[in-house]
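J.: Got a structure for you, written out below as structure tokens; questions coming shortly.
The values are calculated or read from the model by the stated rules, or taken from the named source; none is laboratory data. Being a predicted model, the structure only gives us computed values, none of them experimental. Don't worry about glycine lacking a Cβ; one is built from the backbone with ideal geometry, like all the others, and counts go over all protein chains shown.
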Amino acid sequence: MKLFDFKHFKSDMFGGITAGIVALPLALAFGVSSGLGPSAGLYGAIFVSFFAALFGGTNTQISGPTAPMTAVSMVVIAGIVATFEGDISKALPAILTVFLLAGLMQVGLGLLGIGKYIKYIPYPVVSGFMTAIGVIILVTQILPTVGYYPKEDAAFVEQFKPQAEAVILEGILEDEAAEDILVLEHFEETINRANQITDAQILKESQSLAGKDSSGVLGSIKALPRALQNINWLELILALGTIIIIYGFKRITTAVPSTLVALVVMAGIAIGFGLDYRPIEEIPSGLPIPNFGIFTEFSFGSITPYIFTALTLALLGAIDSLLTSVVADNMTKTKHKPNKELVGQGIGNSVAALFGGIPGAGATIRTVVNINAGGKTRLSGMMAGVLLLIILLALGPIASKIPAAVLAGILITVGIGVMDYKGLKAIPYMPKPEVIIMLTVLILSSVWNLVYAVGIGLVIASLMFMKKMGDLTAKRSDIKPIESEKGAEDDLSIPSDLKKDIYVKHIKGPLFFGSTSDFQELSKQIPDSATDVIIRMGRMQYIDQSGLYAMEDVVQELMKNGKNVFLVNMLEQPKYMLERIDIIPDLIPNEHIFDHFEEAVACIKKEHSN
């Protein structure tokens with residue numbers, strides 16, 4: 001009970017109800033887009049919203065399915081369904097296991113304290129990814145917007161009949177191999193099994209292959225010519241009407257969510273006039289039931305290829321949620337707890353997976369709506385989940401009559417809204433490396449693989465950053481005779497016969513694997529005539545293992561050539577590391593370590609005078 005502050009109950013109730021109403025059409029649309037159906041989106045919204053609010057670290061956050069999470073979930077679902085020969089009921093336990101794993105990973109990230117590191121993901125990667133999400137949603141919703149469904153196009157499906165027969169035959173051969181039947185010796189068994197293949201099996205497999213061929217951005221573009229030849233004008237009008245209302249109603253008022261208005265008006269017209277439209281899949285009535293197939297039908301082999309994808313879902317949900325938490329902090333003048341928020345999101349996604357829901361994250365628009373409507377504590381997020389559960393129980397049969405084209409229209413507006421226009425407009429002014437990163441992530445995410453695209457973007461960004469840091473360190477660092485050192489001539493009274501024998505090396509920046517080669521090359525510029533080298537380290541904040549060994553090699557080479565090495569103004573971390581591998585005092589004695597440049601010069605003068 002200490003978690004709750006009931007003195008704001010009324011405002012939390014209004015905030016939660018308003019956010020729940022906004023979430024309803026989006027939850028249904030995201031469920032349909034994912035491939036699991038509207039009920040999966042609704043279940044995800046109910047459980048993620050409730051449990052993320054209950055256990056999370058952002059008081060006013062409203063969570064649920066979001067565009068980025070749904071886009072990645074779509075990839076997971078399509079991939080697993082394909083391995084189960086297009087049978088989504090057989091694939092469901094494996095799909096939900098991956099979602100459960102992603103939720104548990106989020107809990108782990110929170111417990112390990114990873115939340116504070118999420119902010120280090122480069123903006124070009126996030127920008128390219130978000131714009132790609134918009135592109136994916138826009139392009140993949142073109143077909144349902146015009147009322148074209150490839151699996152139902154008999155002429156299109158017929159093209160995949162030979163391939164379907166080959167796939168079925170391959171399955172027979174695999175079954176025989178598993179049963180230790182030698183195909184060449186018992187070929188009549190293969191023929192008998194092949195003769196038992198029915199037209200219905202071939203049609204089902206052909207439809208599965210047709211659906212796979214027309215999925216994703218490239219598949220949708222490939223199927224577009226056939227779609228334009230087979231436009232269902234009623235579906236197109238319903239979708240366009242939805243889009244017009246969503247954008248038009250915002251100009252009248254923002255007090256009522258325009259998405260909900262569009263859903264009610266267009267569904268009302270379609271149902272009220274008895275139009276011959278395509279409804280969404282039926283939403284099961286009654287309380288959600290846990291899917292125990294996650295445990296009873298668990299197969300590690302079926303989810304192994306998707307462990308990295310589950311981690312990507314976990315990280316993406318973490319980024320999505322914590323960015324929304326920052327928005328909430330700015331609006332409410334509060335401070336969220338990032339690691340606790342990750343634990344809450346992970347628990348919400350884990351529970352949602354158990355009940356067949358798609359994963360979600362903190363939703364910025366719904367959170368803003370909640371705060372503006374009065375939400376102040378975690379009760380508001382829990383109220384949003386409870387409201388959606390009530391709607392499911394009371395209005396499930398009615399919601400099942402919503403036109404699929406209306407949800408397609410809603411998703412079109414979501415796709416338009418999720419793109420990062422700020423990042424796109426900045427392309428002409430951004431540094432070239434950042435533009436390359438953003439466009440790489442954008443293109444690869446759109447036409448290839450969301451997961452790998454983000455990984456590649458992070459690798460490129462990291463490499464470019466390290467190169468930049470190495471270049472900056474090399475550019476700023478230098479080596480010169482002491483007579484050229486600022487202040488040395490006037491303040492240190494160095495004898496003229498010593499001026500050409502003492503060289504000063506500045507290291508200005510971290511000495512790490514990206515700058516070691518330049519550091520070593522710079523050291524080779526010290527002439528053989530030099531007798532003493534002063535290395536000024538006051539601006540070297542950090543040294544890694546590569547830097548340590550490079551420093552060791554340089555010092556050994558200098559000392560081998562008869563030069564004395566002095567270290568000046570070492571900072572805490574470099575000094576600690578140099579002592580750990582015994583560069584100090586084994587190579588450089590403590591007598592040659594100084595806090596000030598003047599002390600090193602005085603020591604050199606004293607040694608030469610002796």
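J.: Would you confirm whether or not region 135-149 contains a residue that is closer than 30 Å to MET464 by Cβ, buried (at least 22 other Cβ atoms within 10 Å of the Cβ) and either among the small types (Gly, Ala, Ser) or in contact with a Phe, Trp or Tyr (Cβ under 9 Å, 6 or more places away or on another chain) (or both)?
T.: The answer is no, given that none of the residues of region 135-149 is closer than 30 Å to MET464 by Cβ, buried (at least 22 other Cβ atoms within 10 Å of the Cβ) and either among the small types (Gly, Ala, Ser) or in contact with a Phe, Trp or Tyr (Cβ under 9 Å, 6 or more places away or on another chain) (or both).
J.: Which residue pairs have Cβ atoms closer than 9 Å, lie 6 or more positions apart in sequence or on different chains, and pair a first residue in region 33-46 that is in the same structural domain as ASP87 (by TED's automatic domain parsing) with a second residue that is among the charged types (D, E, K, R) and surrounded by fewer than 24 Cβ atoms within 10 Å (Cβ to Cβ)?
T.: Cβ pairs passing all conditions: GLY37/GLU281; GLY37/GLU282; PRO38/GLU281; PRO38/GLU282; SER39/GLU281; SER39/GLU282.
J.: Going by what's in this entry, would LEU548 be described as out of contact with any helix residue (DSSP H, G or I) (no Cβ under 7 Å at 6 or more places or on another chain) and either part of a helix (DSSP H, G or I) or surrounded by 14 or more Cβ atoms within 10 Å (Cβ to Cβ) (or both)?
T.: No, not satisfied.
J.: Looking at this structure, is ALA19 within 22 Å of the chain's Cα centre (by Cα) and aliphatic (A, V, I, L, M)?
T.: Against the criterion (within 22 Å of the chain's Cα centre (by Cα) and aliphatic (A, V, I, L, M)), ALA19 does not qualify.
J.: Among the listed residues GLY20, GLY37, GLY56, GLY41, identify the single one that is within 27 Å of THR140 (Cα to Cα) and touching an Asp or Glu at 6+ places or on another chain (Cβ under 7 Å).
T.: Details: GLY20 fails: touching an Asp or Glu at 6+ places or on another chain (Cβ under 7 Å); GLY56 fails: within 27 Å of THR140 (Cα to Cα); GLY41 fails: touching an Asp or Glu at 6+ places or on another chain (Cβ under 7 Å).
Result: GLY37 is the single residue among GLY20, GLY37, GLY56, GLY41 that is within 27 Å of THR140 (Cα to Cα) and touching an Asp or Glu at 6+ places or on another chain (Cβ under 7 Å).
J.: Whether any residue in region 330-348 is buried (at least 24 other Cβ atoms within 10 Å of the Cβ) and of a type in the set (Ser, Thr, Tyr) is what I want to check.
T.: No; the residues of region 330-348 include none that is buried (at least 24 other Cβ atoms within 10 Å of the Cβ) and of a type in the set (Ser, Thr, Tyr).
J.: To continue, here is another question. If you go through region 70-80 one residue at a time, do you hit one that is within 21 Å of the chain's Cα centre (by Cα), polar (S, T, N, Q), surrounded by 24 or more Cβ atoms within 10 Å (Cβ to Cβ) and within 25 Å of VAL265 (Cβ to Cβ)? Reasoning before the result, please.
T.: To start, the set of residues in region 70-80 that are within 21 Å of the chain's Cα centre (by Cα) comprises 70-80.
Remaining after also requiring polar (S, T, N, Q): 70, 73.
Among the residues that remain, those that are also surrounded by 24 or more Cβ atoms within 10 Å (Cβ to Cβ) are: 70, 73.
Applying the additional criterion that residues be within 25 Å of VAL265 (Cβ to Cβ) yields 70.
Yes, there is a match, as at least one residue in region 70-80 is within 21 Å of the chain's Cα centre (by Cα), polar (S, T, N, Q), surrounded by 24 or more Cβ atoms within 10 Å (Cβ to Cβ) and within 25 Å of VAL265 (Cβ to Cβ).
J.: Could you tell me whether any residue of region 158-169 is among the polar types (S, T, N, Q), exposed (fewer than 13 other Cβ atoms within 10 Å of the Cβ) and not assigned by TED's automatic domain parsing to the domain that holds GLU85? Step through it out loud before you land on a result.
T.: Here is the first cut: in region 158-169, the ones among the polar types (S, T, N, Q) are 159, 163.
Those left that are additionally exposed (fewer than 13 other Cβ atoms within 10 Å of the Cβ): none.
Within region 158-169 (the criterion being among the polar types (S, T, N, Q), exposed (fewer than 13 other Cβ atoms within 10 Å of the Cβ) and not assigned by TED's automatic domain parsing to the domain that holds GLU85), the answer is no, since none of the residues qualifies.
J.: Is there any pair with a first residue in region 248-260 that is free of Cβ contacts under 8 Å to residues at least 12 places away in the same chain and a second that is aromatic (Phe, Trp, Tyr) whose Cβ atoms are under 6 Å apart and which are 6 or more apart or on different chains, and what are they?
T.: The qualifying pairs do not exist here.
J.: Show the residue pairs meeting these rules: Cβ distance below 7 Å; 6+ apart or different chains; first residue within region 172-195 and among the small types (Gly, Ala, Ser); second residue surrounded by 10 or more Cβ atoms within 10 Å (Cβ to Cβ).
T.: Here the result reads ALA194/LEU169; ALA194/ILE172, each pair linking region 172-195 to a residue that is surrounded by 10 or more Cβ atoms within 10 Å (Cβ to Cβ).
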